[in-house]
């Protein structure tokens, strides 16, 4: 595994752990405000968590994706002469 | 009648799609079960998403938001966005590569090979099938409740036999509606196999996402009654009681331990099968990225609709107010004309059926591959006979689920959580099998037995799901911490698996070389 890929995986692991910690938003527990006048704060905050998850997973496909797995498998399967 | 006509039309369209996809069927069991590994990124996204978004996500989340308030999204939707994609990333890609290399069709084939245990299927098969039954029950139950609720007042008394008419209020009886949905899904699964299921899932996921947004718009406009959407949204939300906007009544430890529930995705047998259908590892990229965002698109409107149902802008009849499963169909029916209600109902049924189909197909595949072919002997049955046996087993399981659905209903949300908790407790097993060389056969057996026995014990303690507030409480330093049962089951399984693996004979070098090959330095 290249150093760049290792580094990418560490960054993604760190970001996912951070997101998991941020998910436990004790500070919003009794907040009854409405964002934009119609979305409860507790709902809006967790919508942002969902959105952030998509962004982090997009980063994962760019800097931490195991491209080698696909190459190895396809090479092996074609050596065996077709679908396993 | 218009509502019924539209639902009927949708079902006919779905059957036509199943029949059309069957024309592409290659006649082999591999094509029937895995669509010959031909599913690209978009269809993989839609089929994975459609499969994980069940009646639980629509009917269950709306009902739960009605009871528990806005915090329900954080309980499961945002955590699922993180955990589901994590499972696709760390498990899905790796299992796909092993499936492609060694020709696995089911989870049990993989575990049998990885653990060098011919009998692992005997213990794993009943556990996996037993836990999928509550999951199937959610779909079958919710489809009956939904169709009954949106067709109320369509039929006069005496249209159906007396025993069917009890509590039907002039709608299609729940038992009849559930039966029809089971038959429809069975037909297109039988004709189309995995290819038909993937196509139907893609079509149905598009339908329920588009119609979900339309439902939200129409309900908001009708309920708020203002000229613009923004003004209507503000008016509807301003009427929500402050108690429902916060999580004051929710326990913080319970909220935190809900995080274990989405790990179930790692062990769902039907998702495992979908992972194997992928054309390439890159096909996973789109599902990994889009899944959290798609969850948000589906769950947010449902949560808001559930919250609005608690306001004085709408009056719920007592039977509806007592039954959280009926909140969404009631809101759809009450706030729309018959044409819109019909279309929106088709959208909800699409979500329900797009999960049932994968589960039905997977059950058949597991039974034939893991039990009949494996223990009966390869070559004993022809391809045609294998498919026939798969279909017979699916019918038997659906019949059992259908009979269960006729008994006292449970809250869709509660039942879903129990089902997911069981699978989530097996997550340590699949994770260890891929990333821990020291996992042994005995460790795996101990994990499955611990998971099954702790699940059965705690489910019984909860009155088989009737106690919706059931938690496992820990007293530490004078404080009581209430936690979701899944946490206890998860750690028990993991600890037993690790201890037993450490004291029992290691896997052979041949197995380790096969599953953990040394990589040459890049």
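Read-outs: derived from the displayed coordinates by stated rules, not from any lab. These figures come from a predicted structure and were not determined experimentally. Backbone-built Cβ (ideal geometry, glycine too); neighbour counts: all protein chains shown.
Structure values in brief
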item: Rounded to whole Å, sorted largest first: equivalent-ellipsoid semi-axes of the protein assembly as shown, Cα gyration tensor; result: 38, 29, 23
item: Translational D in µm²/s for segment B:2-515 (Stokes-Einstein at 4 °C, 1.567 mPa s, Kirkwood Rh from C-alpha pairs); result: 55
item: Degrees between helix B:229-238 axis and first principal axis of chain B (Cα, 0 to 90, nearest 10); result: 90
item: Peptide A:56-62, shielding by other chains (average Cβ, 10 Å cutoff); result: 6
item: Cα-Cα pairs of segment A:3-79 separated by more than 15 Å (percent); result: 67
item: Span from the segment B:426-470 Cα centroid across to the segment B:227-285 one, whole angstrom; result: 23
item: Rg/Rh (Cα only; Kirkwood hydrodynamic radius) as it applies to segment B:403-522; result: 1.12
item: Exposure proxy ranking, count of Cβ atoms within 10 Å, fewest first, for A:46, B:249; result: B:249, A:46
item: Inter-chain shielding of B:300-312 (mean C-beta neighbours from other protein chains, 10 Å cut-off); result: 1
item: Sequence of B:387, B:371 once ranked by neighbouring C-beta atoms within 10 Å, starting from the fewest; result: B:371, B:387
item: For B:278-284, mean number of other protein chain Cβ atoms within 10 Å; result: 3
item: Degrees separating the helix B:174-224 axis from the principal Cα axis of chain B, which is the longest one; result: 40
item: Projected label distance in nm at residue A:21 and residue B:509, using a 7 Å step from Cα toward the beta-carbon; result: 4.4
item: 22 Å tail of the calculated P(r), segment B:214-313, as % of Cα pairs; result: 53
item: Computed [θ] at 222 nm, deg cm²/dmol, the protein assembly as shown (DSSP H ≥ 4; -39,500 (n - 2.57); rounded to nearest 500); result: -22000 deg cm²/dmol
item: The protein assembly as shown - share of DSSP beta bridges that are antiparallel (%, nearest 5); result: 90
item: Tilt relative to chain B, helix B:2-22 - C-alpha long axis, 0 to 90 degrees, to 10; result: 20
item: Coarse-grained scattering of segment B:159-260 at q = 0.12, 0.15, 0.18, 0.25 Å⁻¹, given as base-10 log I(q)/I(0) from a Debye sum over alpha-carbon atoms; result: -0.90, -1.05, -0.98, -1.13
item: Projected area averaged over orientations for segment B:369-462, convex hull of C-alpha atoms, nm²; result: 8.7
